[in-house]
Structures are given as structure tokens and as C-alpha cells.
Ligand code: HEC
């Protein structure tokens with residue numbers, strides 16, 4: 001191969017790499033939403049899937065939550081269970097990012113996250129956490145703490161047996177109830 005040919009090929013390759021790079025930059029700029037941390041989770045089809053999952057869990061609460069909480073990212077960010085203390089940190093963080101919601105809207109958001117996305121150890125949580133997450137009044141929360149100091153809760157049925165506890169709520173939360181402190185970070 002003559003050196004002129006080699007130079008032509010090299011220039012061609014360099015030009016192609018440059019153009020491809022430029023095109024990628026422009027495309028990425030164009031696709032990047034305003035305040036999103038993870039673009040992989042925010043393509044439209046995924047967003048719709050996540051919304052459908054959330055809506056199925058509780059249309060009444062999620063209808064209120066959706067416009068408030070999916071303005072900057074998809075529900076894919078939200079649909080991971082975590083302890084209540086962890087959720088409180090998230091709410092504060094989102095508030096800092098500029099979430100705008102009325103007290104009424106927050107009530108729906110709290111109820112949805114507590115009921116479908118919160119891990120709770122019913123033998124460990126204090127009264128405040130029990131009432132916030134399980135939706136029981138203070139008297140019932142105190143009764144739960146008394147009950148477990150006699151005999152620890154061993155099943156959802158044990159919890160449902162406490163007067164004042166809403167059976168349907170406990171049934172919905174069953175997969176996220178634990179009876180021995182769950183490992184940190186799960
Ligand atoms: C004003 C924009 C905005 C709104 C509105 C918003 N978020 Fe976020 N959210 C963010 C950003 C930005 C991140 C990424 C933060 C990061 O990576 O540190 C995020 C991340 C998250 C995460 C992941 C946090 C983690 O550490 O795993 C959760 C959960 C979340 N948001 C929940 C919500 C909920 C619930 C709402 C509605 C109450 C909401 N977000 C509304 C901007 C927003």
C-alpha cells in the first residue's frame with residue numbers, strides 16, 4: 001500500500017470517529033431531560049410500565065402521587081421498598097429538589113409509600129413508626145407494643161389479631177412485614 005493511500009484511510013477513519021462523536025454528543029444533549037439522574041430509567045416505554053405497576057397497586061393514591069413525583073424521573077426510581085426512616089430521608093431530599101405538593105397530596109404519597117413500599121419490623125418499630133406505616137391510631141400502636149413485650153409477633157395473623165388493626169392493610173403489607181430486624185440496607 002502506498003503511503004498516500006494509508007494517509008487517505010487514516011484521515012477517513014479520523015473523520016468518521018469525529019463525526020460519530022459529534023452525533024452522539026448532539027443526540028445525548030437532545031435526549032437528556034432537565035433534572036434526571038439516570039436516563040436509562042426514563043425512556044417513555046419504561047415510564048409507562050412503572051406507572052402501570054404503581055397504578056395497579058392503588059389507583060386512588062397513585063393518581064395523586066404520579067403528577068407530583070414523576071415530574072423529574074420515572075416511577076422506576078420510586079418502586080423500591082425501604083424502611084420508613086429511609087423514606088423520610090427521601091421525602092426531605094425531594095423537597096430540597098423542589099417537589100411541590102399540598103398537605104392533601106402528601107397524605108396520599110405517605111399512604112402509598114407506607115403501604116406498598118415500606119419494610120417494617122413489627123417487633124422493633126416504635127409507636128410512631130407503627131402508626132405512620134400501619135395506619136393505626138396511637139392507642140392501637142401502644143397495644144401492639146404491649147402485646148409484643150408479652151409475646152413477640154410471629155406472623156401477619158398475629159398482628160391482625162390486635163384490636164384496632166385493619167386486616168386489609170396488613171394483608172397488603174404482608175410481603176414487607178418482618179418479625180426480626182431485617183438486615184441493614186435491605
Ligand atoms: C424536582 C424534581 C424531582 C421531583 C418532583 C421528585 N424527585 Fe425524586 N429525585 C430527583 C432527583 C434529581 C433524584 C436523583 C437523586 C440522586 O441521584 O441523588 C431523585 C431520586 C429519587 C429517589 C431515589 C433516591 C435514592 O437514594 O435511591 C427516590 C426514591 C425518589 N426520587 C422519590 C421521589 C418521590 C416519592 C417524589 C414525589 C414526592 C419525587 N421523587 C419527586 C428529583 C425529583
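The values are calculated or read from the model by the stated rules, or taken from the named source; none is laboratory data. Not measured: the values here are computed from a predicted model. Because the Cβ atoms are built from the backbone with ideal geometry, glycine has one as well, and the counts that use them run over all protein chains shown.
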Q. Is it the case that residue 121 is away from the ligand (no atom under 16 Å from the Cβ) and modelled with pLDDT under 95?
A. no
Per the filter on the range 89-107, residues more than 9 Å from the ligand (Cβ to nearest atom) and either under 16 Å from residue 136 (Cα atoms) or assigned to a loop (DSSP other than H, G, I, E, B) (or both) are 102, 107
Determine if the range 132-148 includes at least one residue that is within 16 Å of the ligand (Cβ to nearest atom) and touching a residue at least 12 places away in the same chain (Cβ under 8 Å).
-> yes
inquiry  = So, residue 146, is that one within 18 Å of residue 64 (Cβ to Cβ) and assigned to a helix (DSSP H, G or I) or not?
reply    = no
Filtering the range 51-88 down to residues that are more than 12 Å from the ligand (Cβ to nearest atom) and either in the same structural domain as residue 173 (by TED's automatic domain parsing) or in a helix (DSSP H, G or I) (or both) yields 51, 52, 53, 55, 56, 57, 59, 60, 63, 84, 85
